[in-house]
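What follows is a set of notes on a single structure, which appears directly below.
Here, each number is a calculation from the coordinates, and none is a lab measurement. Fair warning: this is a prediction, and the values are worked out from it, not measured in the lab. FYI the Cβ positions are ideal-geometry reconstructions off the backbone, even for glycines, and counts take in every protein chain you see.
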Amino acid sequence: MKIENLQRIEAMIVQAILGGPALVQYRAGDISAAVLRPWAIKIRQMAESYTGERGGKNNPRPEVSAEAYCLYYLIPNVERLSAVLSHIPTTFFERELHVLDYGCGPGTAALTLIEGQRGYPLTIVGVDSSSRMLQLAQKIVPSLAPGSAQVTWQGASSLAAAGAKKFDLIILANVINEVPTSELHSLLSSIADRLAEGGVIVLLEPAMFEATRSLMTARDALLRKFARLSPIYPCTHRQDCPMLRLSTQDWCHNCIDWERPKLLRQLDELTGFTKHRLKYSAVVLGLGAALKDGLRVVTIPDRNKHSWWATVCGEGVYGDAVLEKRKVSVDNSCFKKVELHDHIQIENMEEGRKIGSSSVVRVIPQYSCK
Ligand SMILES: C[S@@+](CC[C@H](N)C(=O)[O-])C[C@H]1O[C@@H](n2cnc3c(N)ncnc32)[C@H](O)[C@@H]1O
């Protein structure tokens, strides 16, 4: 799901938060630094609370940070979410969809779906415990998409607020990390209970070590509890996450290149942060979904003079797959170019995950051999 016009969303955010005069400046070029500087300070404070001692488990007070969140994090999260939704077959979106966005914040998922899924009816229920976030969502989302989707906002942290119905798509974006660990698994399982047959649940988190590993733990708990849930992304198996067991230092995440829209670029300059590349960790599970075969590349591939290697994860497989220079063939040379989170197949892999001259490596579309 590709969002073509991030600048359009950014303009709406500028209008909703900074007001008409800033929008005039934005349309003509850059917004004056004097207008943005106080926001840059708030953004820095908020970023510290996200990356603090507990890896972001402390919810920044929404009254202080909702607008700053919107200015700096909303657009990158739209981009991240659209990247994650791209792992779901496009046919899934070619119909009417009932969506639950739990911890919706300023309407990130609604914006992503409205901008990305043109022409099909959408009903979205946004639930959030912060009334300030919901006010912003109510301001921004309808101004972007008047009438193109039915969106209702529920101002309660209780799932009961979403009614009894089932949903085709359930999104929890950047929320898990804010829910106390003691409540998380029961919350997730009551949410997953709301999935309609053929439905998909998307869990997206910042690609920080602790946040990602609690996401991977949550994935394991959901798969153990719901026998008919299967991973669509990134895993190609239902087993407990082997990375959690076998590595104490890795966390399964992805990275995307993107073109920063101009407000983001200005805020990066003022905060000293950089959102050149976007990292994210995510798990997408489908109720009744068929498991993919093959392997996921789960660490950044590396090489030296003699070989190429990358950690791969799949059914009963976890560890470095290695291709030695002397074993390179037409059928396996593709491995030299695999990238993080590519979905690949290796036929005739040798013992110890060695790629031999008779091994065949394929990068499975939607990823083409780069
Ligand atoms: C980091 S923001 C993410 C917002 C949005 N989903 C996004 O990705 O941009 C987390 C949101 O989750 C909300 N939240 C935290 N704990 C919650 C809970 N237990 N129930 C409902 N919402 C919660 C917060 O108020 C906040 O708006």
Net charge over other residues, Cβ less than 13 angstrom from the Cβ of Lys139 (K, R count +1; D, E count -1): 0
Can you work out ³J(HN,Hα) from phi for every residue in the stretch 291-306, in order, using Karplus 6.51 cos²θ - 1.76 cosθ + 1.60 and θ = phi - 60°, giving whole Hz and x for Gly and Pro? 5, 7, 8, x, 10, 10, 7, 10, 9, 5, x, 9, 7, 9, 5, 9
Sequence-distant residues sharing a close amide H with Val151 (under 5 Å, placed H): Ile124
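Roughly speaking, what % of Cα-Cα pairs in the chain are separated by over 26 Å, rounded to a whole number? Provide the component values of the computation, followed by the final result.
Values: 35918 of 68265 pairs.
The share of Cα pairs beyond 26 Å in the chain comes to 53 percent.
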Suppose we take every Cα in the stretch 295-363 and form the convex hull; what volume per residue is that in Å³? 72
Sum of -39500 (n - 2.57) over DSSP H runs of 4+, divided by residues of the chain (222 nm, nearest 500): -10500 deg cm²/dmol
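How fast does the stretch 210-332 diffuse by Stokes-Einstein, in µm²/s, taking the Kirkwood radius from C-alpha pairs at 4 °C and 1.567 mPa s? Mind dumping the intermediate values first?
Working: Rh = 16.8 Å.
For these conditions, the coefficient is 77 µm²/s.
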Roughly speaking, what is the centre-to-centre gap between the stretch 281-342 and the stretch 261-280 when only Cα atoms are used, to the nearest Å? 30
Quick check on packing: order 8-16, 256-264 by the mean number of other C-beta atoms within 10 Å, highest mean leading. 8-16, 256-264
Using amide H atoms built 1.01 Å from N in the peptide plane, name the residues 5+ places from Asn174, or on other chains, whose amide H lies under 5 Å from its own. Leu204, Glu205
Computed from the beta carbon distance with a Förster radius of 51 Å, FRET efficiency for His306 and Ile41 to the nearest 0.05 stands at 0.50
Please order Glu79, Glu339, Glu4, Glu347 by the number of other Cβ within 10 Å, starting at the fewest. Glu4, Glu347, Glu339, Glu79
Karplus (6.51, -1.76, 1.60) ³J(HN,Hα), θ = phi - 60°, over the stretch 23-37, in Hz, Gly and Pro reported as x: 5, 4, 4, 4, 5, 7, x, 8, 7, 4, 4, 4, 6, 8, 4
Through the Karplus equation 6.51 cos²θ - 1.76 cosθ + 1.60, θ set to phi - 60°, convert the phi angles of the stretch 174-189 into ³J(HN,Hα) values in whole Hz; use x for Gly and Pro. 6, 10, 3, 5, 9, 8, x, 3, 5, 9, 4, 5, 6, 4, 4, 6
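Which of Arg296, Arg80, Arg37 has the fewest other C-beta atoms within 10 Å, and how do the rest follow up to the most?
Details: Arg296 23, Arg80 27, Arg37 11.
With the fewest neighbours first, Arg296, Arg80, Arg37 line up as Arg37, Arg296, Arg80.
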Distance between modelled label sites at Arg27 and Asp331, nm, 7 Å Cα→Cβ extension: 6.1
Taking amide H atoms as placed 1.01 Å from N in the peptide plane, list the residues 5 or more away in sequence, or in a different chain, whose amide H sits under 5 Å from that of Gly319. Val312
